[in-house]
Amino acid sequence: MSSAHRIGSLLTTEGHRLTTGRRAVVEAALASDDLFSVADVQRLVPRIGRATVFRTMRLLVDLDLVCRVRLEDGSLRYRLRVAPEHHHHLVCTGCGSVEDFSDCGVDAVSKTLAGRTKYEIQGHRLELYGLCPTCCVSSG
Ligand SMILES: [Zn+2]
Ligand SMILES: [Zn+2]
Ligand SMILES: [Zn+2]
């Protein structure tokens, strides 16, 4: 089964209708680079409305099929979700490649903070930026 089919059947299982527009967006997302933007998807499906692209991407994020990745400049990219568990992204500022990591250690900080502030902490976001080994070599 292709990834598009897998995602399609998952959406249907979750009770979402896979309209032609949504299917086109899913296929465009699968055909995109490792990190892609809504504009990248739109270029691949110029006939699909911007709102449909946004809604479909949001749905894919909600279903944990796609990750949102915040770049260092604050702009947003998407990435097909590889790791099913809680994880974060290590983003190369040179070439844009992404590495997942799950051992973030923030849970311990959350617990301490919850104890001190009496907050019920519900989650956290963390993105790290740097140069991947390949970019380190090429930058000397
Ligand atoms: Zn991810
Ligand atoms: Zn790199
Ligand atoms: Zn974490």
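Key figures for this structure:
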item: Verdict on Ser37 being surrounded by 15 or more Cβ atoms within 10 Å (Cβ to Cβ), touching an Asp or Glu at 6+ places or on another chain (Cβ under 8 Å) and not assigned by TED's automatic domain parsing to the domain that holds Gly130; result: no
item: Residues located in the range 56-66, provided they are open to solvent by 40 Å² or more (accessible area, probe 1.4 Å) and in a loop (DSSP other than H, G, I, E, B); result: Asp64
item: Tally, over the range 93-112, of residues that are among the aliphatic types (A, V, I, L, M) and open to solvent by 50 Å² or more (accessible area, probe 1.4 Å); result: 2
item: Contacts under 6 angstrom Cβ, first residue in the range 99-125 being within 21 Å of Arg81 (Cα to Cα), partner assigned to a helix (DSSP H, G or I) and away from ligand 2 (no atom under 16 Å from the Cβ), 6 or more apart; result: His124/Val106
item: Within the range 74-92, considering residues that are surrounded by 14 or more Cβ atoms within 10 Å (Cβ to Cβ) and more than 8 Å from ligand 1 (Cβ to nearest atom), the one nearest to Cys135 (Cα to Cα); result: Cys92
item: Some residue of the range 113-131 being surrounded by 16 or more Cβ atoms within 10 Å (Cβ to Cβ), touching a Gly at 6+ places or on another chain (Cβ under 9 Å), at pLDDT 95 or above and not assigned by TED's automatic domain parsing to the domain that holds Ala28; result: no
item: Filter result for Gly8 (in a loop (DSSP other than H, G, I, E, B), modelled with pLDDT under 90 and not aromatic (Phe, Trp, Tyr)); result: no
item: Filter pass, Val69 being farther than 22 Å from Val26 by Cβ, surrounded by 15 or more Cβ atoms within 10 Å (Cβ to Cβ) and within 16 Å of ligand 2 (Cβ to nearest atom); result: no
item: Condition check for Val25: more than 16 Å from ligand 3 (Cβ to nearest atom) and either acidic (Asp, Glu) or crowded, with 17+ Cβ neighbours inside 10 Å (or both); result: yes
item: Residue list for the range 115-139, filter: β-branched (Val, Ile, Thr) and closer than 26 Å to Cys67 by Cα; result: Ile121, Thr134
item: Number of the exception - Val53 against (1) in a loop (DSSP other than H, G, I, E, B); (2) assigned by TED's automatic domain parsing to the domain that holds Thr12; result: (1)
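The values are calculated or read from the model by the stated rules, or taken from the named source; none is laboratory data. Just so we're clear, the structure is a prediction, and the values are computed from it rather than from any experiment. Positions of Cβ are backbone-derived with ideal geometry, glycine not excepted, and every protein chain shown enters the neighbour counts. SASA here: full protein model, heavy atoms, side chains in, ligands and nucleic acids out. Shrake-Rupley method; radii C 1.70, N 1.55, O 1.52, S 1.80 Å.
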